[in-house]
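Let me begin by presenting the structure, written as structure tokens, before commenting on it.
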Amino acid sequence: MAKYLLLKHYRGAPTPVNDVPMERWTEEEIAAHMQYMHNFAARLEGTGEFVDGQALSPEGTFVRYDGEGRPPVTDGPFAETKDLIAGWMVIDVDSYDRAVELAGELSAAPGAGGKPIHEWLEVRPFLTAPPTVTE
Amino acid sequence: MDEHRLRALTPSVIGALVRRGADFAAAEDAVQDALVEAVRLWATEPPRDPKGWLVTVAWRKFLDAARADASRRRREELVEEQPAPGPGASVDDTLQLYFLCAHPSLTPASAVALTLRAVGGLTTRQIAQAYLVPEATMAQRISRAKRTVSDVRFDEPGDVATVLRVLYLVFNEGYSGELDLAAEAIRLTRQLAAVIDHEEVAGLLALMLLHHARRSARTRPDHSLVPLAQQDRKLWDTRLIAEGVEILQTALARDRIGEFQAQAAIAALHADARTAEETDWVQVVEWYDELVGLTDSPVVRLNRAVAVGEADGPRAGLAALADLDPALPRHAAVAAYLHERDGDVATAARLYAEAARQASNLQERDHLTRQAARLNADPRGSG
């Protein structure tokens, strides 16, 4: 088994096929999209492949250390940030092929006009613990 | 009675329920419930006959569950008519349970989960923590696995090779959570070796013991990896090594070689060497040749190239590497090592950095990054 992160981008991924911003969808279309995501997660829990999933607010703050005894410096949000993560799902599956298959299904979530968004999801393997037998 | 001895009773208790007429899935659930009760009660009131106690309590749990399910009324009548069980053939039950939990219709992850629960007697929560997934996910994985094997007859003959692959997977998962999966795999393999006389079961057990013996030498306190050549061999567990070598020798004497015996033989040659320099690399290469013949695995060929590099020099190792697909995991790491030994420090540094980017685990990535940094800091490679 191996864990993979499926990353959903607000920005930074190639343009989806059905590229209409969510605020231009009908309320029913938004509800259908949410239901699809919810059902997808529930189905993966049922197959024993779900680990975690969260959506993220697009508003973020950059924070950095500013020296001993000083409060951290904050900056942003930067409107021009190229890569912006909308949310993620962690799955635990038998193979890379299965991870790609599931990402493909997640990308079929309905968007404007009730048609699949065909958005690009980024599939990233987790680094694991080292195996016991190495030679 | 400690937890390990309690859990060791699990397979034979499940077997006893199945022979009384319970189906496997329900029997397994009932035994889990009985184990929870045993942990709670036995600390103050240990029973005289632990297995008898577990069978009685698990059977009652099974009947309760069957009664609670009105739609299963017919089966309830059936089970209540069952006569009291005769003396138990628990050795066969244990073996059958291993076969069932490693059934070829299961995916590797399902077989691992089901084996740890039904043969190992671990709770779903313990298994979920060990594999770093939510308990609900692991519960579903286990119940799906039970459904998958629900039509398999309990006494159907199985293939020991599928069981060994599952146990090897558990062992190789190593140590991630509270539960020591390597130790659990050793316990389950010992238990298997006690119920079936098979040279590859012995080979796998020897392999596990010989690797487990090196455990405390394998990582530094900061969890970074120590390569075999640099390990402090005084930290190796000589008792486990002696046991592993003895089991392996007995298995090899039967002259029915298999891949686990061959892997264990390589581990035993490393265990035999008091220092890395004393390693009998010529024999290690011979065992890799044997393994290539048995498995034809590209990963084995890759490890063989390292051994050839030690036995016949880095040029020979690089020649052995030349035939292999560069996309193989750890190919760049092996190439980096051989190039460094060959004195080509610049190529080695570049390949170590490439290998670090491809590493599938954090400790290995850190190790490889440090190798690249070491060579970049001292391009003559004397460091």
Considering (1) at pLDDT below 95; (2) away from chain A (no Cβ under 13 Å); (3) more than 30 Å from B:ALA161 (Cα to Cα), say which one B:GLU340 fails and leave the rest.
-> (1)
Answer yes if at least one residue in segment B:257-268 is touching a residue at least 12 places away in the same chain (Cβ under 8 Å) and over 21 Å from the mean Cα position of the chain (by Cα), and no otherwise.
-> no
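Pick out the one residue from B:PRO326, B:PRO314 that is in contact (Cβ under 8 Å) with a residue 24 or more places away in the chain and more than 13 Å from every other protein chain (Cβ to nearest Cβ). Break it down into steps so the answer makes sense when it comes.
Working: B:PRO326 fails: in contact (Cβ under 8 Å) with a residue 24 or more places away in the chain.
Only one candidate qualifies: B:PRO314.
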Log entry, pairs with first residue in segment B:359-376 being within 14 Å of chain A (Cβ to nearest Cβ), second being hydroxyl-bearing (Ser, Thr, Tyr) and surrounded by fewer than 18 Cβ atoms within 10 Å (Cβ to Cβ), beta carbons closer than 7 Å, six or more apart or on different chains, reads B:GLN363/B:SER224; B:ASP366/B:SER224; B:HIS367/B:SER224
Qualifying positions in segment B:135-152 - in contact with a helix residue (DSSP H, G or I) (Cβ under 9 Å, 6 or more places away or on another chain), surrounded by fewer than 18 Cβ atoms within 10 Å (Cβ to Cβ) and not in a helix (DSSP H, G or I) | B:SER150, B:VAL152
What are the residues in segment B:89-129 that are outside any loop (DSSP other than H, G, I, E, B) and among the polar types (S, T, N, Q), if any?
-> B:SER90, B:THR94, B:GLN96, B:SER110, B:THR115, B:THR124, B:GLN126, B:GLN129
When you scan segment A:1-88 for strands (runs of 3 or more DSSP E) that lie fully inside it, which ones turn up with 2 or more residues that are at pLDDT below 90 and away from chain B (no Cβ under 14 Å)?
-> A:2-11
Any hit, segment B:203-225, residues being more than 24 Å from B:ALA307 (Cα to Cα) and among the β-branched types (Val, Ile, Thr) | no
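Would you mention how many residues in segment B:210-230 are more than 12 Å from chain A (Cβ to nearest Cβ) and hydrophobic (A, V, I, L, M, F, W, C)?
Step one: list which residues in segment B:210-230 are more than 12 Å from chain A (Cβ to nearest Cβ), which gives B:216-217, B:220-222, B:230.
Next, from what is left, pick out any that are hydrophobic (A, V, I, L, M, F, W, C): B:217.
The qualifying residues number 1.
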In this structure, is A:THR132 within 14 Å of another protein chain (Cβ to nearest Cβ) and out of contact with any strand residue (DSSP E or B) (no Cβ under 9 Å at 6 or more places or on another chain)?
-> yes
Selection from segment B:167-195 of residues that are aliphatic (A, V, I, L, M), buried (at least 17 other Cβ atoms within 10 Å of the Cβ) and touching a Phe, Trp or Tyr at 6+ places or on another chain (Cβ under 9 Å) = B:LEU167, B:LEU181, B:ALA182, B:ALA185, B:ILE186, B:LEU188, B:LEU192, B:VAL195
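For segment B:45-72, give me each residue that is outside any helix (DSSP H, G or I) and either farther than 18 Å from B:GLU28 by Cβ or at pLDDT 90 or above (or both). Before the answer, list the steps.
The first filter runs over segment B:45-72 and keeps only residues outside any helix (DSSP H, G or I), leaving B:45-49, B:69.
Passing the criteria: B:GLU45, B:PRO46, B:PRO47, B:ARG48, B:ASP49.
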B:ASP366 vs (1) part of a helix (DSSP H, G or I); (2) farther than 28 Å from B:HIS223 by Cα: all pass except (2)
Which one of these is among the aliphatic types (A, V, I, L, M), surrounded by fewer than 18 Cβ atoms within 10 Å (Cβ to Cβ) and within 21 Å of the chain's Cα centre (by Cα): B:LEU122, B:LEU132?
-> B:LEU132
Taking B:THR148, is it under 21 Å from A:VAL51 (Cα atoms) and of a type in the set (Ser, Thr, Tyr)?
-> no
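Between B:LEU188, B:LEU179, which is at negative phi, under 16 Å from the mean Cα position of the chain (by Cα) and in a helix (DSSP H, G or I)? Break it down into steps so the answer makes sense when it comes.
Numbers: B:LEU179 fails: in a helix (DSSP H, G or I).
When all the criteria are applied, what remains is B:LEU188.
Please determine whether any residue of segment B:201-212 is on the phi < 0 side of the Ramachandran plot and part of a loop (DSSP other than H, G, I, E, B). Break it down stepwise before answering.
Applying the first criterion (on the phi < 0 side of the Ramachandran plot) to segment B:201-212 yields B:201-212.
Next, from what is left, pick out any that are part of a loop (DSSP other than H, G, I, E, B): none.
No, because not a single residue in segment B:201-212 is on the phi < 0 side of the Ramachandran plot and part of a loop (DSSP other than H, G, I, E, B).
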Restricting attention to segment A:89-108, report how many residues are in contact (Cβ under 8 Å) with a residue 60 or more places away in the chain and closer than 19 Å to A:GLY46 by Cα.
-> 12
Please enumerate the residues belonging to segment A:89-116 that are hydrophobic (A, V, I, L, M, F, W, C), within 14 Å of another protein chain (Cβ to nearest Cβ) and not in a helix (DSSP H, G or I).
-> A:MET89, A:VAL90, A:ILE91, A:VAL93
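Would you mind finding the one in A:ALA32, A:ALA13, A:ALA55, A:ALA42 that is over 19 Å from A:ALA103 (Cβ atoms) and hydrophobic (A, V, I, L, M, F, W, C)?
Working: A:ALA13 fails: over 19 Å from A:ALA103 (Cβ atoms); A:ALA55 fails: over 19 Å from A:ALA103 (Cβ atoms); A:ALA42 fails: over 19 Å from A:ALA103 (Cβ atoms).
Matching residue, one of A:ALA32, A:ALA13, A:ALA55, A:ALA42: A:ALA32.
Name every residue in segment B:350-383 that is of a type in the set (S, T, N, Q) and either within 17 Å of A:PHE126 (Cα to Cα) or at pLDDT 90 or above (or both), in order of residue number.
So in segment B:350-383, the residues of a type in the set (S, T, N, Q) come out as B:358, B:360-361, B:363, B:369, B:371, B:376, B:382.
B:GLN358, B:SER360, B:ASN361, B:GLN363, B:THR369, B:GLN371, B:ASN376 - these are the residues of segment B:350-383 that are of a type in the set (S, T, N, Q) and either within 17 Å of A:PHE126 (Cα to Cα) or at pLDDT 90 or above (or both).
Can you pull out the residues in segment A:117-129 that are away from every other protein chain (no Cβ under 14 Å) and more than 12 Å from the chain's Cα centre (by Cα)? Give the steps one after another, and end with the answer.
We begin by selecting, within segment A:117-129, every residue away from every other protein chain (no Cβ under 14 Å); these are A:117-123.
Those that are away from every other protein chain (no Cβ under 14 Å) and more than 12 Å from the chain's Cα centre (by Cα): A:ILE117, A:HIS118.
The values are calculated or read from the model by the stated rules, or taken from the named source; none is laboratory data. This structure is a prediction, so every number in the text was calculated from the model and none was measured. As a convention, Cβ positions derive from the backbone with ideal geometry for all residues, glycine included, and neighbour counts pool all protein chains shown.
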